[in-house]
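The values are calculated or read from the model by the stated rules, or taken from the named source; none is laboratory data. None of these values were measured; they are calculated from a predicted model. Neighbour counts run over all protein chains shown; Cβ positions are idealised from the backbone, glycine included.
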């Protein structure tokens, strides 16, 4: 073999070896990538399995916690089984309403905040014999001692004990009406109205446990709701203010309450009305306003009546004009405010309402206390100051 052939063969072998080397390197790189991909895949599967196990554990813990919470809520009467699921009860709504009232009360003036605590006080007291052991805290010691001495006794006993008893004969009937038309779905208007009415409801109940309270929702139609229905109600169609005022009239006209109040929460002007055939008509704003005016005049025949309208602020001046017209016919007050201040405005108006009381009656024995007791139907001098101190004590938790 010649030298040229030898060199050519050597070059060919060299090229073949280099090509084979490159192929081996490519195969090694491919296998390395494959192994790396498998490793990443296994790590991903392992990580996914770990996350899945964590989620399953969290779900089990959450399910157990939800089950425990549901059992506790059912045991406390805060939720109940309904339709295959859990539904809120009056107890839960009432507890929530109390929390809302406490939150809203922080924003009202100090004098109003005091008047929202505890039972209502008339400030009018009568002196009469002890009837119940718990009345001993209001004992009139001088009168009781004098009655005991005049009866020949050395010590005060039940037969000679006289107490100051507050006269509380006021009967209260409140109608709370709120607009749930479609426009109330904008922003936080409808939730704010619900919370404000719940707070007002509890405030009334706190001061007057026997009060009659009607909650009325209105859009095209009018419905009287309980607290659960109030919280769960959804926005509807147009605003039938006339029918709402008519419903308030029907609820109050036969009421024997000495304090009758109507609160209306709305965000607009009358848009619909109910004709003589009982059909709801909408689209004619002038006719809707005429019917609202007529129903306002009808409601104005209820006495005594305190009327308040809370209008949620709007860019449309005609809304305020309509609200002022209705309020003026009812001799009431109009407040224009934002949803965030709605609860405060309602509480302020309720707390500052006028209360009626009856005169104190003389204790047993006509003009005197009987059995030679001190004369005079009312408390002795200084009783008014003591009455004020008692009211202050109650407001502070005494």
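Here is a yes/no grid of residues against (1) at pLDDT below 95; (2) surrounded by 14 or more Cβ atoms within 10 Å (Cβ to Cβ); (3) part of a loop (DSSP other than H, G, I, E, B); (4) within 27 Å of the chain's Cα centre (by Cα):
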| residue | (1), (2), (3), (4) |
| --- | --- |
| 328 | no, no, no, no |
| 344 | yes, yes, no, yes |
| 347 | yes, yes, no, yes |
| 366 | yes, no, yes, no |
| 381 | yes, no, yes, no |
If I go through the range 170-208 residue by residue, how many of them are out of contact with any helix residue (DSSP H, G or I) (no Cβ under 7 Å at 6 or more places or on another chain) and part of a helix (DSSP H, G or I)? 7
I'd like to check something: does the range 238-256 contain any residue that is assigned by TED's automatic domain parsing to the domain that holds residue 310, at pLDDT below 95, more than 24 Å from the chain's Cα centre (by Cα) and under 30 Å from residue 113 (Cβ atoms)? yes
Within the range 233-274, take every residue that is without any contact (Cβ under 8 Å) to a residue 60 or more places away in the chain and assigned to a helix (DSSP H, G or I) and give me the one that is surrounded by the most Cβ atoms within 10 Å (Cβ to Cβ). 242
Consider residue 98 carefully, then state whether it is free of Cβ contacts under 8 Å to residues at least 12 places away in the same chain and touching a helix residue (DSSP H, G or I) at 6+ places or on another chain (Cβ under 6 Å). no
Here are the criteria: (1) touching a strand residue (DSSP E or B) at 6+ places or on another chain (Cβ under 9 Å); (2) loosely packed, with under 10 Cβ neighbours inside 10 Å. Tell me which single one residue 2 does not satisfy. (1)
Scan the range 210-223 for residues that are assigned to a loop (DSSP other than H, G, I, E, B) and free of Cβ contacts under 8 Å to residues at least 60 places away in the same chain and jot them down. 210, 211, 219, 221
Complete set of residues in the range 294-322 that are buried (at least 18 other Cβ atoms within 10 Å of the Cβ) and within 20 Å of residue 267 (Cβ to Cβ): 295, 296, 307, 308, 309, 310, 311, 312, 319, 322
